[in-house]
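The values are calculated or read from the model by the stated rules, or taken from the named source; none is laboratory data. Quick caveat, the model's predicted, so the values are computed rather than measured. Neighbour counts run over all protein chains shown; Cβ positions are idealised from the backbone, glycine included. With ligands, DNA and RNA removed, areas are computed over all heavy atoms of the protein, side chains included. Shrake-Rupley method; radii C 1.70, N 1.55, O 1.52, S 1.80 Å.
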Amino acid sequence: MKNFNFQNPTKIIFGKGEIAKLSDEIPSNAKVLILYGGGSIKKNGIYEQVIKALEKHHVIEFGGIPPNPEYKVLIEALTIIKRENIDFLLAVGGGSVIDGTKFLSSAALYEGAEPWDILTSRKPTLKGMPFGTVLTLPATGSEMNSGAVITKAETQEKLGMGGPGLFPQFSILDPQVVQSIPERQIANGLADAFTHVLEQYVTYPIDAYIQDRFAEGILQSLIEVAPQVMANTNNYEAAANFMWCCTMALNGLIQKGVPTDWAIHAIGHELTALYGIDHARTLAIITESHYTYNFEAKKEKLAQLAERVFKIAKGNTDEKAKAAIKAISDFFQSIGIDTKLSDYTPNYQNTAQEIEQRFNDRGWIGIGEHGKLTPSDVKTIVEMSY
Ligand code: NZQ
Ligand code: ZN
């Protein structure tokens, strides 16, 4: 096991009706900016619950943060934060609204002239404006981690940022919010959380028994809950398990002391930037070809995944590892997610070259758990996903 530090300061308030406790978590004299997305919260009652809970606070709101939070829109919010002397941010939404809020938390205290530099410089944010979240869509884990991914449509870029100053102070997780989520987004949430675990598990063995079993437990729970929550979003127990799995998949715990990969995400972000494909679906497109291309480096963990999660007892290491890759794709397809790039866009022919070029331009010359995947390897992986 590798050495590690672990500190996650986010307070989680989990359960039915807990949005009502919002006012206890925000200083009574704070000037609060409530941030939300395209309006789903106004149709499902979450907006009313938030406004009621904060009736004694001074609040202003900013709606319209799109999926894959867009830089230009966030700059409009930044102007309001500065003009109105806002000192607390509240994200009410899924990963996009929460990530957009993290960017604003950092940008509000940023002293440089161009806030986009926060993303290109890759310098961690050590201190941000305080913020909390009311999660409306289980998927990304953004509600309990310190990372964010921001899009600039103008240049078709999607870049990550983060740092110890960007953990939410609190996140309220009421599984009842799942009731109004459309099937497509439920499937996205399941696939995203599933891949988060894979990225921290399908590497190489390092004798980290508990981390492996945490990861396997989350995967098994997602597999169990997927058909339940896909069939009926009113199933509270299913929604609660789905929600907590998504948070636990990316709150930092399972990655401590173990190698992590994140190549699937790095490549997937390019597919969203280029074609607007939903984040989770980009992961389903890349996973099979990434694991097939890097089979030798990953086969021991893939075989362990086959045995412990997919209950495949027959065969040698190679056969079990291959069976695991197939089982992962079968899982994505079982929730209605296609796994080839050509399923999403007819104009995929130059994608691999374009992504290779972008990685070269950015100097991303070695990714994956060994830091050895070159832009040329990435090109082949993308070609294999056509
Ligand atoms: O915008 P509204 O109208 O609210 O509708 C949203 C949006 O259209 C809708 N929705 C959310 N909650 C709902 C609901 N509809 C009905 N009922 C509800 N309760 O769902 C749509 C998608 O929302 P979005 O926030 O974009 O989805 P998700 O949570 O999957 O977030 C995706 C973003 O997070 C990033 C992704 O790259 C992408 O930009 N990620 C963030 C990570 C992190 N910060 O740790 C890690 C992830 O790997 C990921 O990269
Ligand atoms: Zn993800």
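Residues that are of a type in the set (Gly, Ala, Ser), farther than 23 Å from Val197 by Cβ and in a helix (DSSP H, G or I): does the range 331-353 have at least one? Within the range 331-353 (the criterion being of a type in the set (Gly, Ala, Ser), farther than 23 Å from Val197 by Cβ and in a helix (DSSP H, G or I)), the answer is yes, since at least one residue qualifies.
Gly160 meets the conditions (1) surrounded by fewer than 24 Cβ atoms within 10 Å (Cβ to Cβ); (2) within 15 Å of ligand 1 (Cβ to nearest atom); (3) touching a residue at least 60 places away in the same chain (Cβ under 8 Å); (4) not in a strand (DSSP E or B) in every case but one. The failed one is (4).
From the list Gln211, Gln185, Gln169, which one is over 15 Å from Asn241 (Cα atoms), within 16 Å of ligand 2 (Cβ to nearest atom) and open to solvent by 10 Å² or more (accessible area, probe 1.4 Å)?
Numbers: Gln211 fails: within 16 Å of ligand 2 (Cβ to nearest atom); Gln169 fails: within 16 Å of ligand 2 (Cβ to nearest atom).
Testing whether each residue is over 15 Å from Asn241 (Cα atoms), within 16 Å of ligand 2 (Cβ to nearest atom) and open to solvent by 10 Å² or more (accessible area, probe 1.4 Å) leaves just Gln185.
Quick one: would you say Trp262 is under 16 Å from the mean Cα position of the chain (by Cα), over 23 Å from Tyr291 (Cβ atoms) and not polar (S, T, N, Q)? Break it down into steps so the answer makes sense when it comes.
Numbers: under 16 Å from the mean Cα position of the chain (by Cα): yes; over 23 Å from Tyr291 (Cβ atoms): no; not polar (S, T, N, Q): yes.
In short, no.
Can you name the residue in the range 101-131 that is within 22 Å of Pro27 (Cβ to Cβ) and within 15 Å of ligand 1 (Cβ to nearest atom) and is also surrounded by the fewest Cβ atoms within 10 Å (Cβ to Cβ) among such residues? Restricting to residues being within 22 Å of Pro27 (Cβ to Cβ) and within 15 Å of ligand 1 (Cβ to nearest atom), the top hit is Thr125.
Scan Ala231, Ala240 and give me the residue that is open to solvent by less than 60 Å² (accessible area, probe 1.4 Å), away from ligand 2 (no atom under 14 Å from the Cβ) and either in the same structural domain as Gly363 (by TED's automatic domain parsing) or more than 30 Å from Pro346 (Cα to Cα) (or both).
Matching residue, one of Ala231, Ala240: Ala240.
Go through the range 38-89 and give me each residue that's assigned to a helix (DSSP H, G or I), β-branched (Val, Ile, Thr) and away from ligand 1 (no atom under 11 Å from the Cβ). Spell out the reasoning first.
Step one: of the range 38-89, the residues assigned to a helix (DSSP H, G or I) are 40-43, 46-53, 71-83.
Narrowing further to those that are β-branched (Val, Ile, Thr): 41, 46, 50-51, 73, 75, 79-81.
Within the range 38-89, Val50, Ile51, Val73, Ile75, Thr79, Ile80, Ile81 qualify.
Scanning the range 93-122 for residues that are assigned to a loop (DSSP other than H, G, I, E, B) and without any contact (Cβ under 8 Å) to a residue 24 or more places away in the chain gives Leu109, Tyr110, Glu111, Gly112, Ala113, Glu114. The one condition from (1) among the aromatic types (Phe, Trp, Tyr); (2) closer than 24 Å to Thr155 by Cβ; (3) not in a loop (DSSP other than H, G, I, E, B) that Trp364 does not meet is (3).
Please specify each residue of the range 184-208 satisfying the condition of being near ligand 1 (Cβ under 10 Å from one of its atoms) and of a type in the set (Ser, Thr, Tyr).
Result: Thr195, single match.
Put simply, of Ile81, Ile26, Ile86, Ile60 the only residue that is more than 19 Å from the chain's Cα centre (by Cα), open to solvent by 30 Å² or more (accessible area, probe 1.4 Å) and of a type in the set (A, V, I, L, M, F, W, C) is Ile60. Of all the listed residues (Ile337, Ile365), the sole one being β-branched (Val, Ile, Thr) and free of Cβ contacts under 8 Å to residues at least 60 places away in the same chain is Ile365. For the range 267-276, residues that are more than 11 Å from ligand 2 (Cβ to nearest atom), under 18 Å from the mean Cα position of the chain (by Cα) and surrounded by 19 or more Cβ atoms within 10 Å (Cβ to Cβ) total 4. If you check Ile254 against the conditions, is it in a loop (DSSP other than H, G, I, E, B) and either in contact (Cβ under 8 Å) with a residue 40 or more places away in the chain or closer than 18 Å to Tyr201 by Cα (or both)? Answer is yes for this residue.
On the basis of being at pLDDT 95 or above, among the basic types (Lys, Arg) and within 18 Å of the chain's Cα centre (by Cα), does Arg213 make the cut? Outline the logic, then answer.
Details: at pLDDT 95 or above: yes; among the basic types (Lys, Arg): yes; within 18 Å of the chain's Cα centre (by Cα): no.
So Arg213 fails the test.
Residues in the range 282-295: is at least one open to solvent by less than 50 Å² (accessible area, probe 1.4 Å), more than 16 Å from ligand 1 (Cβ to nearest atom) and either touching a Ser or Thr at 6+ places or on another chain (Cβ under 8 Å) or acidic (Asp, Glu) (or both)?
Taking the range 282-295 first, the residues open to solvent by less than 50 Å² (accessible area, probe 1.4 Å) are 282-287, 289-291, 294-295.
Then keep just the ones that are more than 16 Å from ligand 1 (Cβ to nearest atom); that gives 289, 291, 294-295.
Within this subset, residues satisfying the condition of being either touching a Ser or Thr at 6+ places or on another chain (Cβ under 8 Å) or acidic (Asp, Glu) (or both) are 289.
So far as the range 282-295 goes, yes, one or more of its residues are open to solvent by less than 50 Å² (accessible area, probe 1.4 Å), more than 16 Å from ligand 1 (Cβ to nearest atom) and either touching a Ser or Thr at 6+ places or on another chain (Cβ under 8 Å) or acidic (Asp, Glu) (or both).
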